[in-house]
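The values are calculated or read from the model by the stated rules, or taken from the named source; none is laboratory data. Bear in mind that the values here come from a model prediction, so they are computed numbers and not experimental data. Cβ: placed from backbone, ideal geometry, glycine included. Neighbour counts: every protein chain shown. The accessibility values were calculated without ligands, DNA or RNA, using every heavy atom of the protein model including side chains. Shrake-Rupley method; radii C 1.70, N 1.55, O 1.52, S 1.80 Å.
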Amino acid sequence: MKVLSSYLPFRKKVGNTEHKYMKNYSHLEKLYKNVKIYENRHLISNFLQNIGFYVKRTGDKLGVDSDARKALHQKVFVFPSSVQGIDVLLSRYFFPIRVLNSVPLVYHHGFPTNQYVGASSTEERREAIRDRNRLYRKTACTLFSTRESIRRFSEVAPKDVQEKVVYAPYFLPKVEPIQPDSLEKKFSDYRPVRVLFVGSDGKRKGVHNLVKALNRICDQYPDLRNNLKATIITRDELPPCDFEVDKHEHLNHDSVLEAFRQSHIFCMPTLKDSYGLVYIEAMASGCAVVADDSPVRREILDDGDAGLMSDPQDPDDIADKLLTLIQSPEYARTIGRRARDRFQRYYHWRQVGKRYVRILKDAASGKY
């Protein structure tokens, strides 16, 4: 089976996060010998998409919308020469056009909450996606990464569009679960308690409320101050910290994964997030997770069984959840173990990769 992956290599120069997700799909051919992944490297296609990106960025800065921006942004122009011999087209976020009548398309697209996209009501959301329904109808199937997003999408999408939706978590081939003996060893050494935050956009991801929560813990329990060490990876400035902190603006992915493996607790009380891949990485590393109490994070963390849910707007509530873990290493170990086991069952690349290959084969054979 030959698959054309429509990620845009030129865009990585301007920090496009979509690139890394599409690049992950190339690992499918390393895992499954009957799958061959090709990348859309057509120069004109990339040139047009870059124009669309800069039109959007300029419009965002100026507060101007335009038909040109709508026509170019989130579109990929795929030319006939690129799809010769291709069985199925795979794209995420950017919608391929021009060849949809001849090549089945598997389209991976999220469906963030109303609050994330700035919609005030379900009716407003229904109106916002009305234009996109014509795109969804042209897919063989559309992939959503959470069942919660499928539920919300079904509230506003027409029946024929709903029938094209398939559940598939993110494919993360470089994330491996921590070994059980390594997890046990990590929690046997609980001095200091190592707390991790990873979020480049710290303000949106709740880093300030995390710092407030840790400061309040240290104020109320001064003896814990010397038993806390936080690693915070964000480009934002931090407020004053009454605890030991190791702050980084950026680390490469391997270093971030190592930080997860070394940490006891991962806390990101995000104020606005459509998914949160870092929660999956934290679970794989056996961290006791403290997340915001949202439907998507509840799904990822098994309704609170594999992590603690907090009010992201309330530093006192975040502090209570952290303190529960800090004062009880056995409980933290149990939560970390449950998180690791849940990752192994539902989010490991072997399970997710098999699902993707099956979906691609079904799309190529016309099943959808």
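In the list Val193, Val175, which residue meets the criterion of being under 27 Å from Tyr347 (Cα atoms), in contact (Cβ under 8 Å) with a residue 60 or more places away in the chain, open to solvent by less than 50 Å² (accessible area, probe 1.4 Å) and touching a strand residue (DSSP E or B) at 6+ places or on another chain (Cβ under 6 Å)?
On inspection, the qualifying residue turns out to be Val193.
Which of the following residues is touching a residue at least 12 places away in the same chain (Cβ under 8 Å) and assigned to a helix (DSSP H, G or I): Ser200, Ser182?
Working: Ser200 fails: assigned to a helix (DSSP H, G or I).
Only one candidate passes the filter, namely Ser182.
Criterion first (open to solvent by 70 Å² or more (accessible area, probe 1.4 Å), under 27 Å from Trp349 (Cβ atoms) and either modelled with pLDDT under 95 or touching a helix residue (DSSP H, G or I) at 6+ places or on another chain (Cβ under 7 Å) (or both)) does Lys185 satisfy it? Spell out the reasoning first.
Values: open to solvent by 70 Å² or more (accessible area, probe 1.4 Å): yes; under 27 Å from Trp349 (Cβ atoms): yes; either modelled with pLDDT under 95 or touching a helix residue (DSSP H, G or I) at 6+ places or on another chain (Cβ under 7 Å) (or both): no.
For Lys185, the condition - open to solvent by 70 Å² or more (accessible area, probe 1.4 Å), under 27 Å from Trp349 (Cβ atoms) and either modelled with pLDDT under 95 or touching a helix residue (DSSP H, G or I) at 6+ places or on another chain (Cβ under 7 Å) (or both) - is not met.
If you take the residues in region 131-151 that are of a type in the set (Lys, Arg) and part of a helix (DSSP H, G or I), which one is farthest from the chain's Cα centre (by Cα)? First the steps, then the outcome.
So in region 131-151, the residues of a type in the set (Lys, Arg) come out as 132, 134, 137-138, 147, 151.
Those left that are additionally part of a helix (DSSP H, G or I): 132, 134, 147, 151.
Details: Arg132: 22, Arg134: 26, Arg147: 14, Arg151: 18 Å.
If we take residues in region 131-151 being of a type in the set (Lys, Arg) and part of a helix (DSSP H, G or I), then Arg134 is farthest from the chain's Cα centre (by Cα).
A quick yes/no check of all residues on (1) hydrophobic (A, V, I, L, M, F, W, C); (2) at pLDDT below 85; (3) in contact with a Cys (Cβ under 8 Å, 6 or more places away or on another chain):
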site	(1), (2), (3)
Leu89	yes, no, no
Val99	yes, yes, no
Thr113	no, yes, no
Ser120	no, yes, no
Arg132	no, yes, no
Tyr136	no, no, no
Tyr167	no, no, no
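Yes or no: Glu281 at negative phi, out of contact with any strand residue (DSSP E or B) (no Cβ under 7 Å at 6 or more places or on another chain), of a type outside the set (Gly, Ala, Ser) and modelled with pLDDT of 95 or more? Before you say what the answer is, go through the steps one by one.
Numbers: at negative phi: yes; out of contact with any strand residue (DSSP E or B) (no Cβ under 7 Å at 6 or more places or on another chain): yes; of a type outside the set (Gly, Ala, Ser): yes; modelled with pLDDT of 95 or more: yes.
Yes.
What's the number of the condition Val166 fails, among (1) assigned to a helix (DSSP H, G or I); (2) among the hydrophobic types (A, V, I, L, M, F, W, C); (3) open to solvent by 10 Å² or more (accessible area, probe 1.4 Å)?
Of (1) assigned to a helix (DSSP H, G or I); (2) among the hydrophobic types (A, V, I, L, M, F, W, C); (3) open to solvent by 10 Å² or more (accessible area, probe 1.4 Å), only one is false for Val166: (1).
Which one is farthest from Pro192 (Cα to Cα) among residues in region 299-316 that are part of a helix (DSSP H, G or I) and either in contact (Cβ under 8 Å) with a residue 60 or more places away in the chain or open to solvent by less than 10 Å² (accessible area, probe 1.4 Å) (or both)? Reasoning before the result, please.
Initial filter on region 299-316 (part of a helix (DSSP H, G or I)): 299-300, 302-304, 315-316.
After this cut, where a residue has to be either in contact (Cβ under 8 Å) with a residue 60 or more places away in the chain or open to solvent by less than 10 Å² (accessible area, probe 1.4 Å) (or both) as well, the list is 299-300, 315-316.
On the way: Glu299: 30, Ile300: 28, Pro315: 22, Asp316: 22 Å.
Selected residue: Glu299.
Filter region 323-349 down to residues that are touching a residue at least 40 places away in the same chain (Cβ under 8 Å), over 30 Å from Pro222 (Cα atoms) and open to solvent by 40 Å² or more (accessible area, probe 1.4 Å) and give me whichever is nearest to the chain's Cα centre (by Cα).
Tyr346
So, of the residues in region 101-111 that are crowded, with 17+ Cβ neighbours inside 10 Å and more than 17 Å from the chain's Cα centre (by Cα), which turns out to be modelled with the highest pLDDT?
Result: Val106.
Taking the condition of being out of contact with any Pro (no Cβ under 8 Å at 6 or more places or on another chain) and not polar (S, T, N, Q), how many residues in region 206-231 meet it?
The total comes to 11.
Can you name the number of the only condition in (1) buried (at least 17 other Cβ atoms within 10 Å of the Cβ); (2) under 28 Å from Gly118 (Cβ atoms) that Pro239 fails?
(1)
Could you tell me which residue of region 266-296 is surrounded by the most Cβ atoms within 10 Å (Cβ to Cβ), considering only residues that are of a type outside the set (Ser, Thr, Tyr) and assigned to a loop (DSSP other than H, G, I, E, B)?
Taking region 266-296 and keeping what is of a type outside the set (Ser, Thr, Tyr), we get 266-269, 271-273, 276-278, 280-284, 286-293, 295-296.
Cutting the leftovers down to assigned to a loop (DSSP other than H, G, I, E, B) gives us 269, 271-273, 276, 286-287, 293.
Working: Pro269: 29, Leu271: 17, Lys272: 16, Asp273: 24, Gly276: 20, Gly286: 29, Cys287: 33, Asp293: 16.
Within region 266-296, the match that is surrounded by the most Cβ atoms within 10 Å (Cβ to Cβ) is Cys287.
Report yes if some residue within region 281-290 is over 24 Å from Asn215 (Cβ atoms), in contact with a Phe, Trp or Tyr (Cβ under 9 Å, 6 or more places away or on another chain), among the charged types (D, E, K, R) and touching a residue at least 24 places away in the same chain (Cβ under 8 Å); otherwise report no. Spell out how you get there, then give the answer.
Filtering region 281-290 for residues over 24 Å from Asn215 (Cβ atoms) gives 281, 283-286.
In the following step, the residues that additionally are in contact with a Phe, Trp or Tyr (Cβ under 9 Å, 6 or more places away or on another chain) were identified as 281, 283-286.
From the residues that got through so far, the ones that are among the charged types (D, E, K, R) too are 281.
Going one step further and asking which of them are touching a residue at least 24 places away in the same chain (Cβ under 8 Å), we end up with 281.
Yes, region 281-290 contains at least one residue that is over 24 Å from Asn215 (Cβ atoms), in contact with a Phe, Trp or Tyr (Cβ under 9 Å, 6 or more places away or on another chain), among the charged types (D, E, K, R) and touching a residue at least 24 places away in the same chain (Cβ under 8 Å).
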